[in-house]
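Since every read-out is calculated from the coordinates, none of them should be taken as a lab result. Since the model is a prediction, treat every value here as computed from it, not as a measurement. All Cβ positions, glycine included, derive from the backbone under ideal geometry; neighbour counts span all protein chains shown.
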Amino acid sequence: MYKMIVCPHCNTINKANLEKLATTDANCGKCSAQLRANITDISSDKLQKIIQHAQLPVVVDAYASWCGPCKMYTPLFEQVAQELKTQADFFKLNTENNHSFSSQYNIRGVPTTLIFYQKKLVFNQSGVLDKKNLQQIVIDSAKKI
Ligand SMILES: [Zn+2]
């Protein structure tokens with residue numbers, strides 16, 4: 001199994017082996033910068049590529065910089081991303097820079113949590129989710145198909 005990690009240095013999408021990641025840091029295939037399994041902020045173009053190649057569920061926090069509840073949601077989302085890092089890929093997407101994404105997925109409010117699994121949208125809900133709820137949804141998303 002591999003995890004999709006966007007290189008913080010050159011912005012290339014990498015497929016990092018999960019077993020390898022557990023013991024050492026992986027390096028970017030293009031620029032060999034160290035890859036860490038942190039959440040990256042990505043564009044909708046990049047996200048579409050990730051959805052096409054991901055093995056794990058892809059969990060997206062669609063947010064806006066002006067949105068108060070988004071700021072509350074961020075630390076919670078990051079905690080769940082850390083706890084479930086071997087079970088899903090987590091990303092953030094700024095809706096202000098990605099208008100086509102918002103219309104494509106009918107996003108009416110922020111934050112919105114979206115989950116893609118095996119190239120399909122399996123979850124799409126606006127509003128702040130509580131931590132337990134988000135964990136459960138992520139775990140369940142891999143069983144949906
Ligand atoms: Zn790189």
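Things to note:
- Taking T12, T113, T24 and counting other C-beta atoms within 10 Å, the order from fewest to most: T24, T12, T113
- Among beta bridges that DSSP assigns inside the chain, antiparallel share in %, nearest 5: 70 percent
- Cα-only Debye scattering, region 31-145: base-10 log of I(q)/I(0) at q = 0.10, 0.11, 0.13, 0.18 Å⁻¹: -0.26, -0.31, -0.44, -0.88
- C-alpha long axis of helix 68-83 to longest principal axis of the chain, angle in °: 30 degrees
- Nearest 10 degrees, 0 to 90: helix 131-141 Cα axis against the chain principal axis: 70 degrees
- Residues R108, R36, ranked from the fewest to the most other C-beta atoms within 10 Å, line up as R108, R36.
- Counting every other Cβ atom within 10 Å of each residue's Cβ, D89, D41 order from fewest to most as D41, D89.
- Relative to the longest principal axis of the Cα atoms of the chain, helix 44-53 runs at roughly 60 degrees.
- When only Cα pairs below 8 angstrom with a gap of at least 6 residues are kept, the chain shows a relative contact order of 24 percent.
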